[in-house]
Amino acid sequence: MALILHIETATSTCSVALAEGGVFLDKIERTEANIHAASLTVFIDELLKRNQKSFKELNAIAVSMGPGSYTGLRIGVSTAKGLCFALDIPLIAINTLTAMANGFIKKCYSVNGNTIFCPMIDARRMEVYTAFYNKDVEVLKDTEAVIVDENSFKAILDTYIVYFFGDGAPKCDEVLGKYTNARIMDDFSNSAEDLIEPAYEKFKESAFEDVAYFEPYYLKDYVAGKKKA
């Protein structure tokens, strides 16, 4: 059965998970700003050792491809590509918002057909990266960057119950919380575990990326801030 290492670094969470045949084995994760560069390879090494697995046993690497933090994505993708090159194994890329929707929906006890799921990644100020999914994790509205105000999702909130979750959701409570159909969740964190199911499906379909040319899905161009005097 395929042994796959999963890497999630698109937000402040640095997370790695191991699965075999699409079945979760173990994970290590920590949510804290600016820890990815120092922690990611340490987490990977520790995860493999405590599950008595070696790098040579891995059949593929799955990585959260974005959108999300420019620095976090760059670190996660470069680490994944480096491992794929060194081990000569395939790279699997999963949209970060799709992984989030998959993880959130799995934790819901029951969902009716009138419910929509909206993962949100903080993109500073009142902007978020987001998309809409149904209960089967099918895309209803593609990934985009949205500046959230009281009218941003009015049409959909007038008709459907919408769960907003992810690190971009809490800041939207003031403008979206007035809608009776809005559910603002503040207890969701990204996890590499949420990549497992979509990554295994891609593995079975041999839906792999070109390791040499693959780049993270930044969605927006990176703009460096001015250095402080």
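The values are calculated or read from the model by the stated rules, or taken from the named source; none is laboratory data. Remember, it's a predicted structure, so these values are computed and weren't measured experimentally. Please note: Cβ atoms are built from the backbone with ideal geometry, for glycine as well, and neighbour counts cover all protein chains shown. For the accessible areas, the whole protein counts, side chains as well, though only heavy atoms, and no ligand, DNA or RNA atoms are used. Shrake-Rupley method; radii C 1.70, N 1.55, O 1.52, S 1.80 Å.
Ordering Lys154, Lys204 from largest to smallest accessible area (1.4 angstrom probe), what's the sequence?
On the way: Lys154 90, Lys204 115 Å².
The ordering from most to least exposed comes out as Lys204, Lys154.
Using alpha carbon centroids, what distance separates segment 1-31 and segment 104-166, in Å?
24
Mind checking which of Gly66, Gly22, Gly76 has the largest fluctuation in a GNM of the chain, springs on alpha carbons under 10 Å?
In the Gaussian network model the winner is Gly22.
What order do Tyr160, Tyr129 take when sorted by accessible area (1.4 Å probe), most exposed first? Present the calculation step by step, with values, prior to reporting the outcome.
On the way: Tyr160 80, Tyr129 25 Å².
Of Tyr160, Tyr129, the descending order of accessible area is Tyr160, Tyr129.
Pop the C-beta distance of Val175 and Arg124 into the FRET formula with R0 = 22 Å and round what comes out to the nearest 0.05. Please list the in-between numbers first.
Working: r = 16 Å, r/R0 = 0.72.
Once the sixth-power term is evaluated, E becomes 0.85.
Just read off the accessible area of Leu83 with the full protein assembly in place, 1.4 Å probe, to the nearest 10 Å².
Roll a 1.4 Å probe over it and Leu83 shows about 30 Å².
Projected onto the charge dipole of the chain (+1 at Lys/Arg Cβ, -1 at Asp/Glu Cβ, origin at the Cα centre), which of Ile35, Phe214, Ser69 gives the Cα projection farthest towards the positive end?
Sorting the options by dipole projection puts first Ile35.
How many nm separate the modelled label positions at Phe85 and Lys49, each set 7 Å beyond the Cα in the direction of the Cβ?
2.5
Taking 30 Å as the cut-off for C-alpha to C-alpha distance, list the pairs among Lys81/Lys154; Lys171/Lys204; Lys27/Lys171 that go past it.
On the way: Lys81/Lys154 41 Å; Lys171/Lys204 39 Å; Lys27/Lys171 28 Å.
Violating the 30 Å limit, Cα to Cα: Lys81/Lys154; Lys171/Lys204.
For the chain, modelled as a Gaussian network with Cα springs under 10 Å, which listed residue fluctuates most, Glu138, Glu127, Glu215?
Comparing Glu138, Glu127, Glu215 in the GNM, the peak value goes to Glu138.
Please identify which residues in segment 18-39 have an amide N closer than 17 Å to a label point set 7 Å out from the Cα of Lys107, following the Cα→Cβ vector.
Hits in segment 18-39 for Lys107 at 17 Å: 27-32.
Please give the residues of segment 186-221, grouped as numeric ranges, whose backbone N is less than 19 Å from a label point set 7 Å along the Cα-to-Cβ vector of Thr71.
190, 216-221
Within straight cross-link reach of Lys106, meaning Cα distance under 14 Å, which aspartates and glutamates are found once same-chain residues fewer than 8 apart are removed?
Here the aspartates and glutamates satisfying the reach criterion relative to Lys106 are Asp136, Glu138, Glu193, Asp194, Glu197.
Can you sort Cys118, Cys108 by 1.4 Å-probe accessible area, starting with the largest? Don't skip to the answer; put the middle values down first.
Values: Cys118 0, Cys108 40 Å².
The residues order as Cys108, Cys118, largest area first.
Using a 1.4 Å probe on the protein chains only, how many percent of the accessible area of segment 55-117 belongs to carbon and sulfur?
Accessible surface attributable to carbon and sulfur in segment 55-117 totals 54 percent.
With both bridge residues required to lie in segment 99-229, what share of the DSSP beta bridges run antiparallel, to the nearest 5%?
Values: 10 of 18 bridges.
About 55 percent, rounded to the nearest 5.
What's the magnitude of the charge dipole for the chain around its Cα centre, counting Lys and Arg as +1 and Asp and Glu as -1 at the beta-carbon? Answer in Debye, nearest 20.
Values: 24 positive and 32 negative charges, 101 e Å.
In total the dipole reaches around 480 debye.
Sorting check: for 1-7, 190-196, which peptide has the highest mean count of neighbouring beta carbons within 10 Å, and how do the rest follow?
On the way: 1-7: 21.7, 190-196: 27.3.
Top to bottom by mean Cβ count within 10 Å: 190-196, 1-7.
Tell me which of Ile44, Ser191, Ala2 sits at the most positive position along the dipole axis of the chain, charges placed on C-beta atoms (Lys, Arg +1; Asp, Glu -1).
Looking along the dipole axis, the top candidate is Ile44.
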